[in-house]
Structure formats: structure tokens, C-alpha cells
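Structure first, then comments.
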Amino acid sequence: MPLQRSNTADKFIVDRRKRHRNSDVARAVRKTRDRLSQQAGNPDFDRELLKLHARAMTSGAVVIPLLVLAIAAAGRLAGIGNEIGLWALFTLTCYTTVVFMARRIERTEASELNSLQTRRELLVGHFLCGLGWAWFVWLGCGACEVDQFQVLKAVVLLFAMAGTALMASSLSGALLATFAVPVALYAYAAAKSWMPVEAIMAGLLVLSLPFFTYIASHLNRFSLLLLSFRSEKDALIAEVETAKSMSDEARRRAEDANLAKSRFLASMSHELRTPLNAILGFSEVMANEVLGPMSNPTYRDYAHDVHDSGQHLLDLINEILDLSRIEAGRYQLNEEPVMLLNIVEDCCHMMELKARNKDIRVVQDFEQTLPRLFADERAVRQIALNLLSNAIKFTATGGEIRVRVGWTAGGGQYISIKDNGPGIPEDEIPVVLSAFGQGSIAIKSAEQGTGLGLPIVQGLLAMHGGEFELHSKLREGTEAIAIFPLSRVMEELPALPTAAVAARRR
């Protein structure tokens, strides 16, 4: 049968099967990063500036035409003649052309714009509008009776320059392309007439043109800054989208792994416990010679070894299943009022034979007035047995174990088991508190153990809202403290009055 290879992404967080999603996210990240790193003059920012200019021209399309119509109406009233109408028609045609170009740019996708050609077309359009303003500067008013007509022309040009500087700031060079010729023509006419007022207005226009150009350049830089901020926002959104994609994939893989672990544990519970029970039962029958004596005593020793190994394997399976249920939140607590003192005392009696075999003395130091605890008796018993078995396992022959049960400073209750064994190095305490973790002393002494006892104790205490503390020093011993919170301690109710007391009260 050929080897089948899984198509899942075992070594990568992002699922490679989802090409469409991952490629789109990666493309968005690259594009936004490229845009973020660009400076002025690069194609993407130039296209965005052209779009901004087009939007500004379409939104303010009626401003300059209204000014032109107002000037034309005022000129007709002043008696300039038909020439002012022809000028207005030419200027409105030029501005209408620029507005139509702006609408076409606004409807076109930024990626499809040819920035150089579009910019050139817009500058030509603004130059034609500037020719209209040059025609306005050249207009005469011999028949009209308006004083300081050239001054009015300069004021109109100043208004037009200010409006153009605001609307066309996104297109660098638009202001100069529009008003360089009119200002030069006005300065030429003022120099030709040598009138003081006209010379002053010409100087004002000549100085205003670079000033408004400076204002427009600053607005252009501000637009670039806004575009860079928007690119940064797009980059952050793309990064968040990538992180979300990775987290979704990681969550899916974690759920699949958790489901696979649950299936494995359920299968192990059924498939291993059934033959293990048979092994334990038959080996016990053989070791105890229930069906008859064995001629060879070595076989009897082998049967004892098989039984002990099977029991160790069964304990390991039970501990793994308990820890898995605790981590998955499926460990059901059967909470009821229990006496912590009695449970710990029973556990000490159960472990007394094991301690006596190693000549270890177990000293009990209990407070006798402890109220009941609202907890799961099986879990509390497992906590005490795990801590006691660890203390007996790592205490040398002839050592001592002190077991204490009492009040905490916060009003809760605690179990403290302290031995005078070899202790645990400080840097190894996190290791022994992790699942399957064993310290160097346990490894050197070749003590049997799975490294699950303390993690199970931590999990059971966490389910009760309690805490677990482990204090140890090398060559001085170890103290393990299981703390149950005040909320688990049940208050003692006053005794009900007897019939004689009740009659006396009456």
C-alpha cells in the first residue's frame, strides 16, 4: 500500500490549502507596505494626488465660473461691450473642459491612470484657463466710466489666484501654469503706463504669485502626509487581517488537535484498561497461587513483577485521563460538605505501611476545631494522596514527614506536607510543576513516576478556587501546601434549642 501524505499544513500555522485567502492577504500587505515606503513622485502617490485634485475640481466646479459670470455681468453694466461676453465664454469653456477632465479622472481607477500623461493634460487645461485670465487683463474699458479699472482687475486676479491655490494644491505647478502669463501681462501693462497705483498692484500680484505658490506647496505636502497616514492605516488593517487569518487557522488546528487527543484518550481508556484488568487479575491469581502451587518460585516472582508493572501502567492511564479532563474543563466536581481533617487522616493511614517500609516517621499536626469544607471528597483525597506519596517517595530511609492541617491567614483551610528529603533546586520548581516534568534528583534516583501528580493537584485546587505552593531548598527538604479559599469553608450553624429550653423560654 503506498504511503499517503497528509495535505494539511503540519509545519505552518497558515493553511496552505486556502490559496485564495492567503494570497490576497499577502498581496494586500505587500501593496500597502510599498505605498507606505514611497515618497513624493512615485506613481502610486502621484495617482492619488491626481484623484484628490480631480475631486477638488469637481466639488468646487461652480466657484470660478460664478466669479467669471459676475465679472461678465458687471462688465456689461459698465459698458465694456460684447468683448467681455466673448471672454466669459472662452474662460467658461476652458474651466468646463478642466472639470470634465477631472470627472473622467475621478471615475477611472487609480491603477489605470497614466500619471505623467494625465498631469500634462491637466496642466494644459489650466494653462488655457490662464490664457482666459490673460485676455481679461488685456481687456480695455474706454467707454466705461469706472475709475481705477486696472486696480479692479488686480483684485479679481487675487481672488482667482486664492481660489485656484486652494482647489489645485494637489497638482503641483497648476497655479503657475494658470497665472504666470496673466501676472506677467499685467506687470507689462503697468510698466508701460507708469501709473503709481497700477505699479503698486503689479508689484502686489508679482509678490502674491510666489506666496500663493508657497501656500499651495504646503497644502500639497499636507495631502502627501494624509496619503501616507492612509497607507499606514491600510498596512495596519492588512497586518490585522493576516494576524486574524493566522489566529483562525491556529484555532482550527488547536481544535482539531484537541479532538484528536480526546479520541485518542477515549480509545486508550477502553483499549488499554480492558486487557490491563485481565493482566492484573490473572497475574494476581498466579502470584497468590490460587489454582495451585507453582513448582518454580521464579515464576511466582515474575507474576508479582507483572502485576506491579500493570498496576503502574493503570495508574499512569488514570492520571493522564484525569489531567486531560481537568485541562478540558470536563472534570465534574461532586461537591458536598466534607471534613478536611478526617480525609487527610485517612490518607495518612493508607500511606502508613508504605512509609513504615522505608522507616519514615509521619508526624500529624492537626487543628481539631476545623469546620466542614464544601468540596469534592474524591478530589481532596487525591490531592492529599499525591502529596503524601511524593513526600514518601523522595524522603530517605529514616526521614520524617510532617503533615499539618489548619487555618490560613485569610480564613481558609490548608494541607501542608513537609519532608526532610534532598529538596528541589530553585530553577527546577517550574519543571516539576509542569506536566510530565521531573527534577534531576528524581531522574538520578530512578524513582518511578510520571510527573503528573503535582499538575493534577494544581488543576484540582484551581477548580476549587484554591492555590498550590511549593517551597524547597537543597538538602533541607520540600514543603507542599494546598490552600482552600474562605469561600469553601462552611459556617457552623447554632444548635437547635431542645424541648426543655424552649419550654423554659415560654
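Which FRET efficiency value, to the nearest 0.05, do you get for LEU226 and THR108 by plugging their Cβ-Cβ distance into 1/(1 + (r/R0)^6) with R0 = 25 Å? Before the final figure, lay out the partial values.
Working: r = 21 Å, r/R0 = 0.83.
Working from the Cβ atoms, E equals 0.75.
Just grab the label-to-label distance for LEU207 and LEU116, each label 7 Å out from Cα along the Cβ direction, in nm (one decimal).
Roughly 4.0 nm, to one decimal.
Could you pull out every one of the aspartates and glutamates with an alpha carbon less than 19 Å from that of LYS473, ignoring same-chain neighbours closer than 8 positions?
Counting by Cα, and skipping residues close in sequence, LYS473 has these aspartates and glutamates nearby: GLU400, ASP419, GLU426, ASP427, GLU428.
If R₀ is 51 angstrom, what is the calculated FRET efficiency for the pair VAL124 and SER247, using the beta carbon separation as r and rounding to 0.05?
Values: r = 52 Å, r/R0 = 1.03.
After rounding, the FRET efficiency stands at 0.45.
Could you pull the accessible area for VAL363 with a 1.4 Å probe, rounded to 10 Å²?
30
Suppose accessible area is computed on protein heavy atoms with a 1.4 Å probe; arrange LYS244, LYS192, LYS51, LYS358 from highest to lowest.
Details: LYS244 105, LYS192 140, LYS51 30, LYS358 55 Å².
In descending accessible area the options line up as LYS192, LYS244, LYS358, LYS51.
Near LYS261, which aspartates and glutamates are there with a Cα under 20 Å away, not counting those fewer than 8 places off in the same chain?
ASP10, ASP248, GLU249, GLU271, ASP315, GLU319, ASP322, GLU327
How do HIS312, HIS307 rank by accessible surface area computed with a 1.4 Å probe, from largest to smallest? Could the numbers behind the result be given before it?
On the way: HIS312 70, HIS307 45 Å².
From most accessible down to least: HIS312, HIS307.
In what order, largest first, do TYR331, TYR299 sit by accessible area if the probe radius is 1.4 Å?
On the way: TYR331 15, TYR299 135 Å².
If we order TYR331, TYR299 from most to least accessible, we get TYR299, TYR331.
I'd like the accessible area for ARG273, computed on protein heavy atoms only with a 1.4 Å probe and all protein chains in place. Round to 10 Å², please.
Near enough 80 Å² of accessible area.
Tell me, in nm to one decimal, what length is gained between LEU236 and TRP138 on full extension, where the rule is 0.36 nm per residue of separation less the Cα-Cα distance? Let's see the in-between values first.
Numbers: separation 98, 0.36 × 98 = 35.28 nm, distance 5.49 nm.
Roughly 29.8 nm would be gained on extension.
What length, rounded to one decimal in nm, is gained on full extension from MET490 through to THR408, with 0.36 nm per residue of separation minus their alpha-carbon distance? Display every interim value, and only then the final one.
Values: separation 82, 0.36 × 82 = 29.52 nm, distance 1.45 nm.
Gain on stretching MET490 to THR408: 28.1 nm.
Could you give the nm distance between label points at SER295 and LEU66, where each point is 7 Å from its Cα heading toward the beta carbon?
With each label point 7 Å from Cα toward Cβ, the separation is 12.2 nm.
The values are calculated or read from the model by the stated rules, or taken from the named source; none is laboratory data. Source: prediction; values computed, not measured. Don't worry about glycine lacking a Cβ; one is built from the backbone with ideal geometry, like all the others, and counts go over all protein chains shown. The protein model used for the area step is the full one, side chains on, heavy atoms only, and it has no ligands, DNA or RNA in it. Shrake-Rupley method; radii C 1.70, N 1.55, O 1.52, S 1.80 Å.
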